[in-house]
Amino acid sequence: MEKRQNSGNIIPTLTKGILGAFALSLLISIYLLFTLPADLRFRGNLQNLELVSPILIKLYITLAITAIIAVLAVFTEIRRVKVAIVYKEKTTAQVENEKVQAESTNIAALDAKSIAKGNTTEILNNALNALAMRLEGAAGACYLCKEEGGTRFAELVTGFALPLSESDVVRFNYGDGIVGQAAKSGASIYIDDIPEGYFQVVSGLGQASPKFILILPLKKNNEVKGILEVATFKSVSNSERQMAEKFATEIGESLS
């Protein structure tokens with residue numbers, strides 16, 4: 001991450017050193033010129049300084065003009081550097097803002113109303129596919145929340161790239177595992193450091209382990225009706241998670 005420089009550190013150390021050397025040399029030059037008459041009188045045995053006064057005056061004027069021009073040039077360069085750094089910071093901020101807006105637009109393009117058609121299983125499947133496509137999901141699963149014998153659980157109803165056979169039954173009691181935790185709490189869960197081998201994605205090329213999982217509860221009237229789970233190989237940004245949660249809220253309200 002690029003660090004922003006404050007006004008106190010706006011000029012690099014090397015540039016400050018050069019400016020200091022310039023100021024010191026200017027002061028020395030001024031001192032030598034103003035002591036030149038005395039040196040000519042006492043060391044050069046020049047008794048009549050009026051002969052060289054015109055030359056000294058020209059040197060004084062030239063030095064003064066040179067010093068003024070140099071100081072103006074230095075302050076102009078300092079101002080230019082400050083403006084350039086401020087512009088760079090603004091440009092970086094604009095790029096980040098445009099990136100966030102692009103991400104938001106991408107997720108916002110999900111149309112929950114067009115997806116929320118058909119029976120519950122069809123809605124869950126369509127929602128999972130749409131969300132996985134937007135987040136570049138490598139694997140996904142959706143669960144339907146049920147209750148039997150006083151026990152509430154989330155049962156897998158559909159998914160893709162999962163290391164399961166069609167006959168496998170996957171259930172998570174409320175509070176068990178991250179899916180059960182999401183079902184019990186009703187809050188989304190994002191894991192950005194999945195241990196190796198915790199989740200396997202199955203494809204024709206073999207198996208691989210994603211590093212990120214986003215789990216979204218689907219609620220209606222504050223009751224969890226289902227769960228969407230998407231695993232990815234890339235991180236999910238804050239704006240993507242916010243828009244995904246909004247999408248899940250809209251899908252949840254459409255469930256029976």
Item to check | Label-point gap, in nm, between ALA67 and LEU26 - each point 7 angstrom along Cα→Cβ | outcome: 0.8 nm
Item to check | Highest average packing first - 234-242, 63-71, 182-190, Cβ atoms within 10 Å | outcome: 182-190, 234-242, 63-71
Next on the checklist: For a quick check: with amide H placed at 1.01 Å from N, whose amide H comes under 5 Å from LEU218's, ignoring anything fewer than 5 positions away on the same chain?
Outcome noted: LYS225, GLY226, ILE227, LEU228
Checklist entry - Cross-link list LYS117/LYS184; LYS219/LYS246; LYS146/LYS211; LYS117/LYS146; LYS113/LYS234; LYS146/LYS184: which exceed 23 angstrom alpha carbon to alpha carbon? => result LYS117/LYS184; LYS146/LYS211; LYS113/LYS234
Next on the checklist: Cut-off 18 Å, label point 7 angstrom out along Cα-to-Cβ of MET133: give me the residues of region 153-175 whose amide nitrogen falls inside.
Outcome noted: 159-161
Checklist entry - Quick one: length gained pulling ILE191 to ARG171 fully straight, 0.36 nm per residue minus the C-alpha distance? => result 5.2 nm
Checklist entry - From the square roots a ≥ b ≥ c of the eigenvalues of the alpha-carbon gyration tensor of region 112-254, which class results: rounded (a/c under 1.5), prolate (a/b over b/c), or oblate? => result rounded
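A short reminder: the numbers here are calculations on the coordinates, not readings from a lab. Here the structure is a predicted model, which means the values were calculated and not measured. Reconstructed Cβ throughout: ideal geometry from the backbone, glycine too, with neighbour counts over all protein chains shown.
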